[in-house]
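The values are calculated or read from the model by the stated rules, or taken from the named source; none is laboratory data. Note that the coordinates shown come from a computational prediction; the quantities given were computed from them, not determined experimentally. We place every Cβ from the backbone using ideal geometry, glycine too, and count neighbours over all the protein chains shown. When the accessible area is computed, the model is the full protein with side chains, heavy atoms only, and any ligands, DNA or RNA have been set aside. Shrake-Rupley method; radii C 1.70, N 1.55, O 1.52, S 1.80 Å.
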Amino acid sequence: MNEAKRLSSRNIDSRMNWPNAKKLLAAVIAWIWTILAGGGGLGLLILEGPWPPTNGWFALGSGLSACPLTARLVRRYTGFAASGFVRFAAAALFIIAGRAALAIEGQSFLPRPRITQADHWTCPIPVREVCWLLR
């Protein structure tokens, strides 16, 4: 009887209350940001190289500062427990610092798409009229 009471729908529903739902949502967003920013920064470092320091380092730092695993390891080995807001602020400051460093280097503060010769659309079919219809 005790097992049935423990597994009842009332007890299961009481575990997922609003504070727990917010924590779960924050953890999911933190992992998504870790994968996108940290993975993108690492990809830039692999593709572009480590120099100049704006090539992915700031995005990688942003992803690592938002990572829940990093927060858990820091709390375990140093005893310092950073709140989610502090981790979010550090991740945002990393991105802002990276954009400011790009502005100092002479690039735009806001990202702009790079257009190269390979980005222009070329028609694989020699008939100009047919390609005009496909555009």
Completion exercise
The FRET efficiency for L93 and N20, from their Cβ-Cβ distance with R0 = 22 Å and rounded to 0.05, is 0.20
Exercise for the section: Please give the solvent-accessible surface of E105 in Å², to the nearest 10, using a probe radius of 1.4 Å with every protein chain present. Expected result: 90
